[in-house]
Amino acid sequence: MATVDDQRFSDEVYRSDREHVLHSWSVQSRLKPMVVNEARGIYFWDSGGKRYLDLASQLVNSNIGHQHPKVVQAIKDQADKLCYIAPSIATETRSALAKLLSTVTPPRINHFFFTNGGADANENAIKIARLATGRQKIISRYRSYHGSTYGAITLTGDPRRPPVEPGIPGVIKVYDPYCYRCTFGQEYGSCRIECAKHVEETILYENPKTVAAILIESITGSNGVFIPPREYLVMLREICDTYHILLIADEVMSGFGRTGEWFAINAFGVEPDIMTMAKGINSGYVPLGAVGISDAIATAIADQYLYCGLTYSGHPLACAAAIATIEAYQEEELIANARAMGGVTRGSMEDLKRKHPCVGDVRNQGLFGCIELVKDRASREPIVPWNGSGEVMAAVERTLLAEGVFMYLRWNYMFFAPPIIINEAQLNEAFRAIDRALTVADGYLQRAAS
């Protein structure tokens, strides 16, 4: 229970925030941010003492949960030893993390450039791809998100890109493997994977000798958790090999156990040439990202000047947090837990789909999932427009918060991405709240039909 002093402190936090802080992806005048001063495990508490189950892992990054004691201690120990050293100098935590990463990333990924987060990981990945190939064009997808910096937002396809255009030159967009709403009007099983053939056709129109890389999210994240058919990624790998194009896997959101594998691409039997990562690399305890490259690319650029640089590249505190995080994944068998709890999640989502008319599709890989809401299952019309909002989704969010569940909602999507430490009892707690929120959405549809 919050005391009077606690409330005064929280009021001051809120007042200072509104007077001085600019928040990302928002209209500042409409903001009423929740004040949070405590978090632990899969939960956090607001200034009034109300507990929330964090089904978003904040921004799909707190994979090991909040305030993990091993990681907190690692940060404290490193702060006592060495808080900062320039990236041009070799230091223990940076070297140790690079070696450790080489043991958990796909076999061909053995060399790492450290960044501050996911956006600049993708920025530097395309610099490296262009350097290694001598080509300029990068192919990315329409329903994608790769970061908010100018290069990364150009690579991005979602509606956050056009308002800040023009971006960098040489980026070509292709359609996505979104099986529930196939761009090509096909059904999986008889579609011949037209979404991959479309990529090859685009490459031919652009001239393969001008294309440096294809950049994809292994599983699309904040645009709807699109899980591609296995054949799609296999075909992309074959296309890249045919035309000597690099395959870049953006694992910023889907990496480090989120899908029940160390990296989402592992489940498809495909290896990228370059892989970007952040978020789960140290669960957001200290900002960190990385670009992993193959031995072949490392050899190709070894005698060339690398035009990549960041003051905080491989920051000792961030690297110490990452080492402790990866060790926690291993020691606590969290990758296996995400895989097992993913099976529970799949069953619970299917139950919700059978029960609630508003649910059009459910999909998940491990603890990376989405519930897609529709007005009508036959037409698949979204319950609110794409890139839009509506009272029904606002009511769903209010219900979830009242139930003590924090969930990322966007357009007609309900994203499911809890910390991968979650257990079955906690999943059941979460799905009971989601069930009640979907009943509210069903009610909107019934009233609209009457």
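Can you find a residue in the range 366-387 that is in a loop (DSSP other than H, G, I, E, B) and touching a Leu at 6+ places or on another chain (Cβ under 6 Å)? Break it down stepwise before answering.
Applying the first criterion (in a loop (DSSP other than H, G, I, E, B)) to the range 366-387 yields 366-367, 377-380, 383-387.
When the remaining residues are screened for being touching a Leu at 6+ places or on another chain (Cβ under 6 Å), the result is 383.
Checked the range 366-387: at least one residue is in a loop (DSSP other than H, G, I, E, B) and touching a Leu at 6+ places or on another chain (Cβ under 6 Å).
Taking the residues in the range 412-438 that are without any contact (Cβ under 8 Å) to a residue 60 or more places away in the chain and not in a helix (DSSP H, G or I) as candidates, determine which candidate is farthest from Glu331 (Cα to Cα).
Asn412
To keep it simple, each residue is scored yes or no on (1) of a type outside the set (A, V, I, L, M, F, W, C); (2) without any contact (Cβ under 8 Å) to a residue 40 or more places away in the chain; (3) closer than 29 Å to Asn428 by Cβ.
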site	(1), (2), (3)
Leu31	no, yes, no
Arg40	yes, yes, yes
Thr105	yes, no, no
Asn122	yes, no, no
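How many of the residues in the range 134-147 are among the polar types (S, T, N, Q) and not in a loop (DSSP other than H, G, I, E, B)?
1
Report whether or not Arg161 is of a type in the set (Lys, Arg) and within 24 Å of the chain's Cα centre (by Cα).
Yes: the conditions hold for Arg161.
Listed here are the residues, each with its yes/no results for (1) surrounded by fewer than 24 Cβ atoms within 10 Å (Cβ to Cβ); (2) assigned to a loop (DSSP other than H, G, I, E, B).
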| site | (1), (2) |
| --- | --- |
| Tyr84 | yes, yes |
| Ile89 | yes, yes |
| Arg94 | yes, no |
| Pro106 | yes, yes |
| His111 | yes, no |
| Ala125 | no, no |
| Ala129 | no, no |
| Ala132 | yes, no |
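Considering only the range 8-24, I want to know if a residue exists there that is outside any strand (DSSP E or B) and either under 21 Å from Phe415 (Cβ atoms) or in the same structural domain as Leu400 (by TED's automatic domain parsing) (or both).
The answer is yes, given that some residue of the range 8-24 is outside any strand (DSSP E or B) and either under 21 Å from Phe415 (Cβ atoms) or in the same structural domain as Leu400 (by TED's automatic domain parsing) (or both).
Mind listing whichever residues of the range 25-51 are touching a Lys or Arg at 6+ places or on another chain (Cβ under 8 Å) and outside any loop (DSSP other than H, G, I, E, B)?
Residues satisfying the conditions are Tyr43, Phe44, Trp45.
Any chance the range 168-179 includes a residue that's over 23 Å from His244 (Cβ atoms), touching a residue at least 24 places away in the same chain (Cβ under 8 Å), of a type in the set (Gly, Ala, Ser) and assigned by TED's automatic domain parsing to the domain that holds Leu236?
Looking through the range 168-179, none of the residues is over 23 Å from His244 (Cβ atoms), touching a residue at least 24 places away in the same chain (Cβ under 8 Å), of a type in the set (Gly, Ala, Ser) and assigned by TED's automatic domain parsing to the domain that holds Leu236.
How many residues does the range 205-254 hold that are of a type in the set (Ser, Thr, Tyr) and either more than 22 Å from Tyr145 (Cβ to Cβ) or modelled with pLDDT under 95 (or both)?
Qualifying residue count, the range 205-254: 4.
Please go through the range 332-383 and pick out each residue that is surrounded by fewer than 20 Cβ atoms within 10 Å (Cβ to Cβ) and among the hydroxyl-bearing types (Ser, Thr, Tyr).
The answer is Ser379, and nothing else.
The values are calculated or read from the model by the stated rules, or taken from the named source; none is laboratory data. Since the model is a prediction, treat every value here as computed from it, not as a measurement. Counting neighbours? That spans all protein chains shown, and the Cβs are built from the backbone with ideal geometry, glycine included.
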